[in-house]
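What follows is calculated from the coordinates using simple rules that are stated; it is not laboratory data. Computed from a predicted model, the values in this text were never measured in an experiment. Here Cβ is always computed from backbone atoms with ideal geometry, including for glycine, and neighbour counts include all displayed protein chains.
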Amino acid sequence: MKLTQASIERLALPAGKSEAIIFDDDVPGFGLRLRAGGSRTFIVQYALGGRQRRMTIGTAKILDAVKARQTARNLLAKVRLGYDPAAERTEARVHASDEPLGAIIGRFLARQERRLRSRTYIDARRYLERYWKPLHELHVASISRATIAARLGKIASEHGPVSADRARAILSSFFAWAIGEGLCDTNPVVGTNKHFNGAKSRDRVLTDRELAVIWKALPDSDYGAIVRLLILTGQRREEIGALRWSEVDFEGREIALPPARTKNNRPHDVPLSKPALAILQSRPARAGRDLVFGDGPRARNGEPPGPEGGFQGWSKCKAALDKQTSLIGSWRLHDVRRTVATRMAELGVQPHVIEAVLNHVSGHKAGVAGVYNRSSYATEKRQALDFWGKHVEALTADDNRGDGQRIVRFPARVEK
């Protein structure tokens, strides 16, 4: 049997047995160990010097079959070269016993910096270095599930349940890596409770009146400009919050986001409506700073600041805005993106154009359709966002009493 995610899910422990190992047909020595308690662990078995050796790769709750098989291939390749992976892991664990969590986190982050987008890496570093700092002096192998659960409870009470769950996720990723490095045998994060009960997909769509209330309550600041651009463009928070002047084309009236700055790693052009363009034109450019909003990282040793950064005061500014918009109830910044898509659809913009505006790779651009339909819908996107900009201007005009003023429906035909 080839061990795949599908075949693993169908496997069951034979009746009367407390443990069984099912080996993979493609990679000799690679297998899955089933135990009566319900655990499923990938292992690799090999012979060296006339002795059979077996070592754990990782639990199936953390590793998928593809990654586990590749790890097994790498380990078996070492065996063919005369190395003993099990002995190396034992030696590494002994060495790790002299290193605290904080020191090993540094190595993990150095690896992640090459693999993650800059914003994701910054978040991972913040959670590991700040939120898990009280555990930094503990040795990795000595950290228990109870210790982690207690710290998660404190993070939830001090920073909120969402932050606790994000801190939990990145620490779990760290321990998965540490297991692969031979620094520990188990992931103590597994089995701890999540703290955010509303993890399912949200469906909050703001009404026209609510959009107008938010718009008029926004301060004349970086944050106010960012949220208004989110309302006018429907883009993601970090794409606008970390916007660079080098990405803004005033003559072409558009924002050109490079692949490194988008969630799906695809270049994305965002046409700017008249009100969106006016917001950017009103922002002051700062000498030596490419960032439109925020200060970004500070220069060190006389060198220019790095590419990371952008606006940082999200939580504080949102809390202040919530006080000004309390009458409309709870809402999140991402609700704005959903609202733009929904309202555009209600006003007659076609789904494939909305997907192009949002830079979604789904629906009309997913699968085979996405491979063969390379149109960026540039003209349609521009007309849709110009139309939406006029709609927002009408909603937020001083003489609008929130009684349902609307622009006529989006034209069915687009002038090329």
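Quick look at the values:
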| item | result |
| --- | --- |
| The stretch 195-279: trypsin sites (Lys or Arg not before Pro) in DSSP coil with no more than 11 other Cβ atoms inside 10 Å | Lys200 |
| Cross-link table Lys274/Lys316; Lys17/Lys194; Lys194/Lys263; Lys194/Lys323; Lys133/Lys318, entries beyond 31 Å C-alpha to C-alpha | Lys17/Lys194 |
| Karplus 3J(HN,Hα) series, Hz, for the stretch 261-274 with 6.51 cos²θ - 1.76 cosθ + 1.60 (x for Gly, Pro) | 10, 10, 5, 9, 6, 10, x, 8, 9, 10, x, 9, 6, 4 |
| Cα gyration tensor, the stretch 101-180 - rounded (a/c under 1.5), prolate or oblate | oblate |
| Sites matching GluC sites (Glu not before Pro) across the stretch 212-287 that sit in DSSP coil, with at most 13 neighbouring C-beta atoms within 10 Å | Glu251 |
| Cα shape, the stretch 113-160, gyration tensor, a/c 1.5 rule | oblate |
| Residue-by-residue Karplus 3J(HN,Hα) for the stretch 133-143, coefficients 6.51, -1.76, 1.60, Hz, glycine and proline x | 4, x, 9, 4, 7, 7, 6, 3, 5, 9, 6 |
| Neighbour cut-off at most 14 other Cβ (10 Å), DSSP loop, trypsin sites (Lys or Arg not before Pro), the stretch 24-116 | Lys61, Arg114, Arg115 |
| Reach of Lys2 by Cα under 15 Å, taken over aspartates and glutamates that are not fewer than 8 positions away in the same chain | Asp24, Asp25, Asp26, Asp64 |
